[in-house]
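Working notes, structure below.
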Amino acid sequence: MTEEVFRSKAVRKVLSLYEPIWALEYSMSMLYWDLNTYMPPGAAEERGVARAKLVALKQKLLLSPEFREAFRVAEKEEGLNVYERGVLRVLKREIEKYERIPRELLEEEARVTTEARKKWEEAKGKGDFRLFRDDLARVVDVERRKAECLLKEGMAGLYDALLDLYEEGLTARDVDRLFSELTGPLISLFRKVLDAGYFPSKHPLEEEAYDPEAMKYANLLVLEKLGYDFNRGRLDVSAHPFTTNMGLDDVRITTWYQGNDFRRSLGAAVHEFGHALYELQIDRRLARTPVGEGVSLGVHESQSRFWENIVWRTRAFAEHFTPLLRPFLPFLRRYSTNDVYRYFCIVRPEYIRVEADEIHYPLHVVLRYEIERGLIEGSVSVDEVPQLWNEKMEKYIGLTPPNDRLGCLQDVHWSAGYIGYFPTYVIGSVLAAQIARSLEKELGSIEELVREGRFAPIREWLREKVHRWGSALPPKELVREATGEDLTARYFLEYIEAKYARCC
(Lines give C-alpha, C1' and ligand atoms only; values in the text may rest on other atoms or scores of the structure.)
Protein backbone atom coordinates (compact mmCIF):
# COMPACT_ATOMS: atom_id res chain seq x y z
CA MET A 1 0.00 0.00 0.00
CA THR A 2 2.84 2.40 0.80
CA GLU A 3 4.11 2.15 -2.77
CA GLU A 4 0.79 3.63 -4.01
CA VAL A 5 1.67 6.88 -2.22
CA PHE A 6 5.47 6.77 -2.16
CA ARG A 7 6.50 6.00 -5.73
CA SER A 8 10.08 7.26 -5.53
CA LYS A 9 12.57 4.46 -4.84
CA ALA A 10 14.80 6.97 -3.07
CA VAL A 11 12.00 8.04 -0.72
CA ARG A 12 11.03 4.41 -0.09
CA LYS A 13 14.66 3.72 0.87
CA VAL A 14 14.46 6.55 3.42
CA LEU A 15 11.18 5.17 4.78
CA SER A 16 12.67 1.70 5.14
CA LEU A 17 15.50 3.12 7.21
CA TYR A 18 13.01 5.21 9.18
CA GLU A 19 11.00 2.25 10.51
CA PRO A 20 13.32 1.57 13.50
CA ILE A 21 13.08 5.28 14.38
CA TRP A 22 9.30 5.05 14.22
CA ALA A 23 9.45 2.01 16.53
CA LEU A 24 11.49 4.01 19.03
CA GLU A 25 8.95 6.84 18.95
CA TYR A 26 6.18 4.29 19.47
CA SER A 27 8.00 2.99 22.55
CA MET A 28 8.65 6.49 23.92
CA SER A 29 4.98 7.39 23.50
CA MET A 30 3.99 4.29 25.42
CA LEU A 31 6.41 5.15 28.21
CA TYR A 32 5.02 8.70 28.38
CA TRP A 33 1.43 7.43 28.53
CA ASP A 34 2.36 5.05 31.34
CA LEU A 35 4.24 7.83 33.15
CA ASN A 36 1.02 9.83 33.30
CA THR A 37 -1.35 6.98 34.11
CA TYR A 38 -0.09 3.86 35.89
CA MET A 39 3.62 4.22 36.60
CA PRO A 40 4.41 3.97 40.34
CA PRO A 41 5.92 7.22 41.71
CA GLY A 42 9.13 5.50 42.75
CA ALA A 43 9.96 4.58 39.16
CA ALA A 44 10.52 8.18 37.99
CA GLU A 45 14.33 8.20 38.15
CA GLU A 46 14.75 4.86 36.38
CA ARG A 47 12.14 5.79 33.77
CA GLY A 48 14.00 9.03 33.13
CA VAL A 49 17.19 7.14 32.36
CA ALA A 50 15.34 4.77 30.00
CA ARG A 51 13.72 7.68 28.14
CA ALA A 52 17.07 9.46 27.91
CA LYS A 53 18.74 6.44 26.31
CA LEU A 54 15.91 6.01 23.80
CA VAL A 55 16.11 9.68 22.77
CA ALA A 56 19.87 9.33 22.30
CA LEU A 57 19.32 6.20 20.20
CA LYS A 58 16.83 8.06 18.01
CA GLN A 59 19.37 10.80 17.44
CA LYS A 60 22.03 8.23 16.57
CA LEU A 61 19.81 6.57 13.96
CA LEU A 62 18.68 9.86 12.40
CA LEU A 63 22.24 11.13 12.11
CA SER A 64 23.79 7.85 10.97
CA PRO A 65 25.80 8.09 7.72
CA GLU A 66 23.47 5.56 6.03
CA PHE A 67 20.29 7.49 6.89
CA ARG A 68 21.70 10.89 5.97
CA GLU A 69 23.06 9.62 2.68
CA ALA A 70 19.69 8.11 1.76
CA PHE A 71 18.04 11.42 2.70
CA ARG A 72 20.48 13.43 0.54
CA VAL A 73 19.78 11.20 -2.45
CA ALA A 74 16.02 11.56 -2.00
CA GLU A 75 16.31 15.34 -1.68
CA LYS A 76 17.77 15.51 -5.18
CA GLU A 77 14.78 13.71 -6.71
CA GLU A 78 12.48 15.72 -8.98
CA GLY A 79 8.77 15.32 -9.56
CA LEU A 80 7.98 14.11 -6.05
CA ASN A 81 4.33 14.09 -4.99
CA VAL A 82 2.88 15.95 -2.01
CA TYR A 83 3.38 13.02 0.39
CA GLU A 84 6.98 12.44 -0.66
CA ARG A 85 7.78 16.15 -0.32
CA GLY A 86 6.10 16.07 3.07
CA VAL A 87 8.32 13.21 4.26
CA LEU A 88 11.44 15.11 3.28
CA ARG A 89 10.20 18.36 4.84
CA VAL A 90 9.41 16.71 8.17
CA LEU A 91 12.65 14.72 8.23
CA LYS A 92 14.72 17.77 7.34
CA ARG A 93 13.36 19.55 10.39
CA GLU A 94 14.05 16.51 12.56
CA ILE A 95 17.58 16.02 11.24
CA GLU A 96 18.42 19.69 11.74
CA LYS A 97 17.07 19.57 15.29
CA TYR A 98 19.12 16.52 16.24
CA GLU A 99 22.22 17.90 14.51
CA ARG A 100 21.99 21.07 16.57
CA ILE A 101 21.18 19.59 19.99
CA PRO A 102 24.02 17.62 21.65
CA ARG A 103 23.23 14.09 22.76
CA GLU A 104 24.09 14.97 26.35
CA LEU A 105 21.48 17.75 26.36
CA LEU A 106 18.79 15.47 24.91
CA GLU A 107 19.48 12.88 27.60
CA GLU A 108 19.48 15.55 30.29
CA GLU A 109 16.13 16.87 29.08
CA ALA A 110 14.56 13.41 29.20
CA ARG A 111 15.84 12.78 32.74
CA VAL A 112 14.96 16.23 34.07
CA THR A 113 11.44 16.30 32.67
CA THR A 114 10.62 12.77 33.80
CA GLU A 115 11.59 13.61 37.38
CA ALA A 116 9.95 17.04 37.18
CA ARG A 117 6.68 15.48 36.02
CA LYS A 118 6.35 13.47 39.22
CA LYS A 119 7.54 16.34 41.44
CA TRP A 120 4.94 18.62 39.81
CA GLU A 121 2.21 16.12 40.58
CA GLU A 122 3.25 16.06 44.25
CA ALA A 123 3.51 19.85 44.45
CA LYS A 124 0.14 20.33 42.79
CA GLY A 125 -1.49 17.89 45.19
CA LYS A 126 -0.16 19.90 48.13
CA GLY A 127 -0.65 23.29 46.48
CA ASP A 128 2.95 24.25 47.23
CA PHE A 129 5.14 25.70 44.46
CA ARG A 130 8.25 25.40 46.63
CA LEU A 131 8.22 21.63 46.13
CA PHE A 132 8.47 22.13 42.36
CA ARG A 133 10.66 25.24 42.27
CA ASP A 134 14.06 23.53 41.79
CA ASP A 135 12.72 21.11 39.17
CA LEU A 136 11.17 23.98 37.21
CA ALA A 137 14.48 25.84 37.34
CA ARG A 138 16.22 22.79 35.84
CA VAL A 139 13.58 22.48 33.12
CA VAL A 140 13.85 26.16 32.19
CA ASP A 141 17.65 25.91 32.07
CA VAL A 142 17.51 22.87 29.79
CA GLU A 143 14.91 24.44 27.48
CA ARG A 144 16.87 27.69 27.27
CA ARG A 145 20.02 25.80 26.29
CA LYS A 146 17.99 23.81 23.76
CA ALA A 147 16.64 27.05 22.29
CA GLU A 148 20.18 28.39 21.97
CA CYS A 149 21.06 25.32 19.91
CA LEU A 150 18.00 25.71 17.68
CA LEU A 151 18.18 29.48 17.13
CA LYS A 152 18.39 30.18 13.40
CA GLU A 153 18.75 33.19 11.16
CA GLY A 154 15.49 35.11 10.96
CA MET A 155 14.39 34.20 14.47
CA ALA A 156 13.98 37.21 16.76
CA GLY A 157 14.95 35.41 19.96
CA LEU A 158 15.22 32.17 21.90
CA TYR A 159 11.47 31.83 22.35
CA ASP A 160 10.97 31.74 18.56
CA ALA A 161 13.15 28.62 18.45
CA LEU A 162 10.82 26.85 20.90
CA LEU A 163 7.61 28.04 19.22
CA ASP A 164 8.82 26.54 15.94
CA LEU A 165 9.04 23.10 17.55
CA TYR A 166 5.29 23.05 18.13
CA GLU A 167 3.97 25.20 15.28
CA GLU A 168 6.15 25.22 12.19
CA GLY A 169 7.15 28.78 11.28
CA LEU A 170 5.33 30.47 14.19
CA THR A 171 7.09 33.48 15.75
CA ALA A 172 6.53 35.58 18.86
CA ARG A 173 5.63 38.44 16.52
CA ASP A 174 2.81 36.30 15.06
CA VAL A 175 1.61 35.48 18.56
CA ASP A 176 1.70 39.13 19.66
CA ARG A 177 -0.33 40.17 16.62
CA LEU A 178 -2.97 37.47 17.17
CA PHE A 179 -3.29 38.18 20.87
CA SER A 180 -3.60 41.93 20.26
CA GLU A 181 -6.53 41.28 17.89
CA LEU A 182 -8.33 39.14 20.44
CA THR A 183 -7.70 40.62 23.88
CA GLY A 184 -9.75 43.84 23.66
CA PRO A 185 -12.87 42.36 22.01
CA LEU A 186 -12.89 39.37 24.38
CA ILE A 187 -12.63 41.50 27.51
CA SER A 188 -15.45 43.72 26.21
CA LEU A 189 -17.70 40.77 25.34
CA PHE A 190 -17.03 39.15 28.69
CA ARG A 191 -18.23 42.25 30.53
CA LYS A 192 -21.40 42.40 28.40
CA VAL A 193 -22.28 38.78 29.09
CA LEU A 194 -21.65 39.12 32.82
CA ASP A 195 -23.75 42.30 33.00
CA ALA A 196 -26.63 40.56 31.21
CA GLY A 197 -26.88 38.00 34.02
CA TYR A 198 -27.97 35.14 31.74
CA PHE A 199 -25.45 32.73 33.30
CA PRO A 200 -25.51 32.18 37.06
CA SER A 201 -22.32 32.84 39.01
CA LYS A 202 -22.76 29.36 40.48
CA HIS A 203 -24.80 26.61 38.85
CA PRO A 204 -26.47 24.00 41.09
CA LEU A 205 -25.21 21.22 38.81
CA GLU A 206 -21.69 21.98 40.00
CA GLU A 207 -22.60 20.67 43.44
CA GLU A 208 -24.28 17.47 42.26
CA ALA A 209 -22.21 14.47 43.30
CA TYR A 210 -21.70 11.55 40.94
CA ASP A 211 -20.30 8.04 41.17
CA PRO A 212 -16.96 8.05 39.25
CA GLU A 213 -17.70 4.61 37.84
CA ALA A 214 -21.07 5.79 36.53
CA MET A 215 -19.42 8.92 35.12
CA LYS A 216 -16.90 6.72 33.34
CA TYR A 217 -19.72 4.90 31.55
CA ALA A 218 -21.41 8.21 30.74
CA ASN A 219 -18.18 9.36 29.10
CA LEU A 220 -17.87 6.09 27.22
CA LEU A 221 -21.41 6.43 25.89
CA VAL A 222 -20.79 9.97 24.64
CA LEU A 223 -17.46 9.00 23.06
CA GLU A 224 -19.08 6.05 21.32
CA LYS A 225 -21.85 8.27 19.92
CA LEU A 226 -19.31 10.83 18.70
CA GLY A 227 -17.42 8.06 16.93
CA TYR A 228 -14.40 7.13 19.04
CA ASP A 229 -13.02 3.78 17.87
CA PHE A 230 -12.52 1.73 21.03
CA ASN A 231 -10.91 -1.02 18.99
CA ARG A 232 -7.99 1.37 18.48
CA GLY A 233 -8.27 3.56 21.58
CA ARG A 234 -9.12 3.60 25.25
CA LEU A 235 -10.13 5.97 28.05
CA ASP A 236 -8.09 6.20 31.26
CA VAL A 237 -7.53 8.56 34.18
CA SER A 238 -4.69 11.05 34.73
CA ALA A 239 -3.87 14.10 36.83
CA HIS A 240 -4.22 16.24 33.69
CA PRO A 241 -6.27 15.01 30.69
CA PHE A 242 -4.21 14.26 27.58
CA THR A 243 -4.05 12.24 24.36
CA THR A 244 -1.19 10.00 23.29
CA ASN A 245 -0.82 8.31 19.93
CA MET A 246 1.52 5.38 19.64
CA GLY A 247 0.52 4.71 16.03
CA LEU A 248 -2.54 4.98 13.83
CA ASP A 249 -4.07 1.95 15.57
CA ASP A 250 -3.34 2.94 19.18
CA VAL A 251 -4.57 6.39 20.21
CA ARG A 252 -5.39 6.78 23.91
CA ILE A 253 -7.15 9.52 25.84
CA THR A 254 -7.60 10.31 29.53
CA THR A 255 -9.95 12.37 31.66
CA TRP A 256 -10.38 13.03 35.38
CA TYR A 257 -13.07 12.44 38.00
CA GLN A 258 -13.59 14.87 40.89
CA GLY A 259 -16.83 13.34 42.17
CA ASN A 260 -18.95 16.40 41.44
CA ASP A 261 -19.33 19.04 38.70
CA PHE A 262 -19.57 16.41 35.96
CA ARG A 263 -18.92 18.79 33.06
CA ARG A 264 -15.24 18.85 34.05
CA SER A 265 -14.94 15.14 33.30
CA LEU A 266 -17.23 15.10 30.26
CA GLY A 267 -15.77 18.24 28.70
CA ALA A 268 -12.24 16.85 29.03
CA ALA A 269 -13.29 13.58 27.39
CA VAL A 270 -14.90 15.40 24.45
CA HIS A 271 -11.85 17.67 24.08
CA GLU A 272 -9.43 14.74 24.00
CA PHE A 273 -11.71 12.91 21.57
CA GLY A 274 -11.02 15.70 19.07
CA HIS A 275 -7.28 15.07 19.34
CA ALA A 276 -7.73 11.31 19.04
CA LEU A 277 -10.05 11.52 16.03
CA TYR A 278 -7.42 13.51 14.15
CA GLU A 279 -4.85 10.74 14.57
CA LEU A 280 -7.33 7.92 13.94
CA GLN A 281 -8.47 9.43 10.62
CA ILE A 282 -5.04 9.96 9.07
CA ASP A 283 -4.68 8.15 5.73
CA ARG A 284 -3.63 4.63 6.70
CA ARG A 285 -1.14 4.56 3.83
CA LEU A 286 0.95 7.01 5.89
CA ALA A 287 1.33 4.61 8.82
CA ARG A 288 4.86 4.21 10.22
CA THR A 289 6.13 7.20 8.22
CA PRO A 290 7.28 10.68 9.36
CA VAL A 291 4.01 12.17 8.05
CA GLY A 292 1.72 9.67 9.79
CA GLU A 293 0.70 12.05 12.59
CA GLY A 294 -0.87 15.48 13.09
CA VAL A 295 1.03 18.35 11.51
CA SER A 296 1.22 20.81 14.42
CA LEU A 297 -0.14 21.52 17.86
CA GLY A 298 -2.16 24.49 16.61
CA VAL A 299 -3.95 22.38 14.02
CA HIS A 300 -4.28 19.58 16.56
CA GLU A 301 -5.81 21.92 19.11
CA SER A 302 -8.27 23.17 16.50
CA GLN A 303 -9.69 19.67 16.37
CA SER A 304 -10.12 19.33 20.15
CA ARG A 305 -11.52 22.85 20.47
CA PHE A 306 -13.88 22.17 17.56
CA TRP A 307 -15.49 19.24 19.40
CA GLU A 308 -15.36 20.97 22.78
CA ASN A 309 -16.68 24.39 21.73
CA ILE A 310 -18.49 24.03 18.42
CA VAL A 311 -20.14 20.69 19.28
CA TRP A 312 -20.23 20.19 23.07
CA ARG A 313 -20.93 23.74 24.22
CA THR A 314 -24.22 23.94 22.33
CA ARG A 315 -27.90 23.76 23.16
CA ALA A 316 -28.16 21.00 20.56
CA PHE A 317 -25.65 18.79 22.41
CA ALA A 318 -27.56 19.25 25.67
CA GLU A 319 -30.85 18.39 23.95
CA HIS A 320 -29.48 15.27 22.31
CA PHE A 321 -27.39 13.85 25.18
CA THR A 322 -29.15 14.84 28.40
CA PRO A 323 -31.81 12.09 28.09
CA LEU A 324 -29.03 9.58 27.36
CA LEU A 325 -27.00 10.66 30.39
CA ARG A 326 -29.83 10.53 32.94
CA PRO A 327 -29.53 6.76 33.63
CA PHE A 328 -25.87 7.32 34.63
CA LEU A 329 -26.40 10.67 36.33
CA PRO A 330 -29.86 10.42 37.95
CA PHE A 331 -29.76 13.97 39.29
CA LEU A 332 -30.17 15.21 35.70
CA ARG A 333 -33.84 14.22 35.92
CA ARG A 334 -34.33 17.38 37.99
CA TYR A 335 -32.86 19.61 35.29
CA SER A 336 -34.06 20.70 31.86
CA THR A 337 -31.89 20.59 28.76
CA ASN A 338 -31.68 24.38 28.94
CA ASP A 339 -30.29 24.07 32.48
CA VAL A 340 -27.65 21.69 31.19
CA TYR A 341 -26.79 23.99 28.27
CA ARG A 342 -26.27 26.97 30.58
CA TYR A 343 -24.16 24.75 32.83
CA PHE A 344 -21.92 23.67 29.95
CA CYS A 345 -21.51 27.22 28.64
CA ILE A 346 -21.43 29.23 31.88
CA VAL A 347 -19.42 32.45 31.51
CA ARG A 348 -17.56 33.69 34.56
CA PRO A 349 -13.98 34.15 35.80
CA GLU A 350 -12.29 30.79 36.46
CA TYR A 351 -8.99 29.90 38.10
CA ILE A 352 -8.41 26.84 35.91
CA ARG A 353 -7.62 27.24 32.21
CA VAL A 354 -9.21 23.98 31.08
CA GLU A 355 -12.45 24.96 32.84
CA ALA A 356 -12.55 28.49 31.42
CA ASP A 357 -15.38 29.60 29.15
CA GLU A 358 -14.74 30.24 25.47
CA ILE A 359 -14.51 33.98 25.93
CA HIS A 360 -11.95 33.99 28.71
CA TYR A 361 -9.91 30.96 27.60
CA PRO A 362 -7.48 32.89 25.34
CA LEU A 363 -6.70 35.28 28.20
CA HIS A 364 -5.53 32.35 30.32
CA VAL A 365 -3.13 31.51 27.52
CA VAL A 366 -1.86 35.11 27.23
CA LEU A 367 -0.90 34.92 30.91
CA ARG A 368 1.15 31.75 30.41
CA TYR A 369 2.72 33.02 27.22
CA GLU A 370 4.00 36.17 28.89
CA ILE A 371 5.49 34.24 31.81
CA GLU A 372 7.15 31.43 29.88
CA ARG A 373 8.55 33.79 27.27
CA GLY A 374 10.03 35.83 30.12
CA LEU A 375 11.53 32.70 31.67
CA ILE A 376 13.30 31.79 28.44
CA GLU A 377 14.39 35.32 27.56
CA GLY A 378 15.59 36.04 31.10
CA SER A 379 13.20 38.81 32.14
CA VAL A 380 11.39 36.52 34.61
CA SER A 381 13.03 34.35 37.27
CA VAL A 382 11.62 31.05 38.51
CA ASP A 383 11.18 32.53 41.99
CA GLU A 384 8.89 35.23 40.57
CA VAL A 385 6.50 32.78 38.92
CA PRO A 386 3.86 32.39 41.69
CA GLN A 387 3.51 36.12 42.39
CA LEU A 388 3.66 37.10 38.73
CA TRP A 389 1.05 34.46 37.91
CA ASN A 390 -1.29 35.83 40.56
CA GLU A 391 -0.81 39.42 39.37
CA LYS A 392 -1.57 38.49 35.76
CA MET A 393 -4.57 36.41 36.82
CA GLU A 394 -5.98 39.48 38.52
CA LYS A 395 -5.21 41.62 35.46
CA TYR A 396 -6.68 39.31 32.80
CA ILE A 397 -9.19 37.14 34.65
CA GLY A 398 -10.13 39.25 37.66
CA LEU A 399 -9.19 36.58 40.21
CA THR A 400 -6.28 35.97 42.57
CA PRO A 401 -5.64 32.24 43.15
CA PRO A 402 -5.89 31.27 46.85
CA ASN A 403 -3.12 28.68 46.42
CA ASP A 404 -0.58 27.43 43.89
CA ARG A 405 -2.71 24.43 42.92
CA LEU A 406 -5.28 26.82 41.45
CA GLY A 407 -2.52 29.05 40.18
CA CYS A 408 0.88 28.35 38.68
CA LEU A 409 0.82 24.58 39.35
CA GLN A 410 -2.39 23.79 37.48
CA ASP A 411 -0.81 22.83 34.12
CA VAL A 412 1.48 19.88 33.43
CA HIS A 413 3.27 21.50 30.47
CA TRP A 414 6.28 23.15 32.10
CA SER A 415 7.13 19.99 34.04
CA ALA A 416 7.30 18.14 30.71
CA GLY A 417 9.49 20.80 29.09
CA TYR A 418 6.69 22.00 26.81
CA ILE A 419 7.67 25.66 26.76
CA GLY A 420 6.43 27.34 23.56
CA TYR A 421 3.35 25.11 23.50
CA PHE A 422 0.71 27.36 25.10
CA PRO A 423 0.15 29.84 22.20
CA THR A 424 -1.00 26.95 20.03
CA TYR A 425 -4.12 26.67 22.22
CA VAL A 426 -5.33 30.06 21.00
CA ILE A 427 -4.45 29.17 17.42
CA GLY A 428 -6.61 26.09 17.96
CA SER A 429 -9.64 28.08 19.17
CA VAL A 430 -9.32 30.54 16.29
CA LEU A 431 -8.85 27.83 13.67
CA ALA A 432 -11.74 25.75 15.04
CA ALA A 433 -14.15 28.58 14.27
CA GLN A 434 -12.62 29.08 10.83
CA ILE A 435 -12.98 25.37 10.07
CA ALA A 436 -16.57 25.39 11.35
CA ARG A 437 -17.40 28.23 8.95
CA SER A 438 -16.08 26.22 5.99
CA LEU A 439 -17.79 23.02 7.12
CA GLU A 440 -21.19 24.72 7.42
CA LYS A 441 -20.93 26.04 3.86
CA GLU A 442 -21.02 22.43 2.67
CA LEU A 443 -23.00 20.57 5.35
CA GLY A 444 -25.32 23.22 6.76
CA SER A 445 -25.84 23.95 10.44
CA ILE A 446 -23.56 22.05 12.81
CA GLU A 447 -26.11 22.54 15.58
CA GLU A 448 -28.76 20.73 13.55
CA LEU A 449 -26.41 17.84 12.86
CA VAL A 450 -25.61 17.60 16.57
CA ARG A 451 -29.26 17.84 17.59
CA GLU A 452 -30.04 14.89 15.31
CA GLY A 453 -27.01 12.93 16.52
CA ARG A 454 -25.53 12.91 12.99
CA PHE A 455 -21.82 13.02 13.75
CA ALA A 456 -20.64 10.88 10.82
CA PRO A 457 -20.91 13.73 8.24
CA ILE A 458 -18.87 15.98 10.54
CA ARG A 459 -16.20 13.32 11.02
CA GLU A 460 -16.04 12.60 7.31
CA TRP A 461 -15.68 16.29 6.37
CA LEU A 462 -12.86 16.71 8.89
CA ARG A 463 -11.21 13.52 7.64
CA GLU A 464 -11.27 14.69 4.03
CA LYS A 465 -10.26 18.31 4.63
CA VAL A 466 -7.85 18.05 7.58
CA HIS A 467 -7.11 14.64 9.05
CA ARG A 468 -6.17 12.45 6.11
CA TRP A 469 -3.15 14.56 5.21
CA GLY A 470 -1.28 13.80 8.42
CA SER A 471 1.67 16.16 8.34
CA ALA A 472 2.27 15.90 4.59
CA LEU A 473 1.24 19.55 4.15
CA PRO A 474 2.81 22.32 6.24
CA PRO A 475 0.29 23.78 8.73
CA LYS A 476 -0.22 27.07 6.91
CA GLU A 477 -0.82 25.26 3.61
CA LEU A 478 -3.19 22.81 5.26
CA VAL A 479 -5.25 25.71 6.69
CA ARG A 480 -5.52 27.25 3.20
CA GLU A 481 -6.51 23.90 1.67
CA ALA A 482 -9.17 23.25 4.31
CA THR A 483 -10.68 26.74 4.58
CA GLY A 484 -9.59 28.63 1.47
CA GLU A 485 -7.87 31.31 3.59
CA ASP A 486 -4.88 31.91 5.82
CA LEU A 487 -5.47 31.76 9.56
CA THR A 488 -7.58 34.72 10.66
CA ALA A 489 -9.13 35.78 13.96
CA ARG A 490 -12.16 37.18 12.11
CA TYR A 491 -14.32 34.06 12.20
CA PHE A 492 -13.60 33.29 15.84
CA LEU A 493 -14.63 36.80 16.86
CA GLU A 494 -17.75 36.62 14.67
CA TYR A 495 -18.66 33.20 16.03
CA ILE A 496 -18.22 34.05 19.67
CA GLU A 497 -19.97 37.44 19.38
CA ALA A 498 -22.96 35.84 17.64
CA LYS A 499 -23.16 32.93 20.09
CA TYR A 500 -23.04 34.99 23.25
CA ALA A 501 -24.94 38.02 21.97
CA ARG A 502 -28.05 35.84 22.43
CA CYS A 503 -27.24 35.81 26.13
CA CYS A 504 -26.97 39.60 26.45
*Candidate lysines for bridging to residue 465, where Cα separation is under 17 Å - those fewer than 8 sequence places away on the same chain excluded*: 441, 476
*Mind pulling the angle between the C-alpha long axis of helix 212-226 and the longest principal axis of the chain? Nearest 10 degrees, somewhere in 0 to 90.*
70 degrees
*Using Cα positions and a limit of under 27 Å, work out the lysines in reach of residue 60, with same-chain residues fewer than 8 apart set aside.*
9, 13, 76, 92, 97, 146, 152
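Longest span of the chain, sites excluded, free of GluC sites (Glu not before Pro) in DSSP loop with at most 16 other C-beta atoms within 10 Å? Don't skip to the end; give the middle numbers.
On the way: sites that count: 77, 78, 153, 452, 485.
Within the chain, the longest run free of exposed GluC sites (Glu not before Pro) spans 154-451.
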*Nearest 10 degrees, 0 to 90: what angle lies between the long axis of helix 490-501 and the longest principal axis of the chain (Cα atoms)?*
20 degrees
_Cut-off 14 Å between beta-carbons: net charge of the residues surrounding residue 319, Lys and Arg +1, Asp and Glu -1_ = +3
*Quick one: check the C-alpha center-to-center distance for segment 185-229 versus segment 295-364, whole angstrom.*
4 Å
*Helix axis angle, 65-75 relative to the chain longest principal axis, alpha carbon, degrees*: 70 degrees
*Which is farthest toward the positive dipole end of the chain among 240, 42, 375, measuring Cα position about the Cα centre, with Cβ charges +1 (Lys, Arg) and -1 (Asp, Glu)?*
240
_Give the aspartates and glutamates whose C-alpha is closer than 15 Å to that of residue 395, dropping any in the same chain fewer than 8 places away, or say none._
350, 370
*In square angstrom, rounded to the nearest 10, how much accessible surface does residue 435 have for a 1.4 Å probe?*
10 Å²
*Please name which of 165, 17, 91 has its Cα lying farthest along the dipole of segment 14-169 towards the positive end, using unit charges on Cβ (Lys, Arg +1; Asp, Glu -1) and the Cα centre as origin.*
165
_Dipole magnitude of segment 397-487, debye to nearest 20 (Cβ charges: Lys/Arg +1, Asp/Glu -1, about Cα centre)_ = 140 debye
_Defining a contact as two alpha carbons under 8 Å apart and six or more residues distant in sequence, what relative contact order in percent does segment 347-430 show?_
33 percent
*In Å², what does the accessible area per residue of the chain work out to with a 1.4 Å probe?*
40 Å²
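Size of the dipole of segment 281-356 about the Cα centre, Lys and Arg at +1 and Asp and Glu at -1 on the beta carbon, nothing else charged, in debye to 20? Kindly include the intermediate steps, with their values, before the conclusion.
Details: 12 positive and 8 negative charges, 44 e Å.
Around 220 debye, computed over segment 281-356.
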*Using +1 on the beta carbon of Lys and Arg, -1 on that of Asp and Glu, and nothing else charged, what's the dipole of the chain about the Cα centre, debye to 20?*
540 debye
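The values are calculated or read from the model by the stated rules, or taken from the named source; none is laboratory data. Not measured: the values here are computed from a predicted model. We place every Cβ from the backbone using ideal geometry, glycine too, and count neighbours over all the protein chains shown. Note: accessible area is taken over every heavy atom of the protein model, side chains too, but ligands, DNA and RNA are not part of it. Shrake-Rupley method; radii C 1.70, N 1.55, O 1.52, S 1.80 Å.
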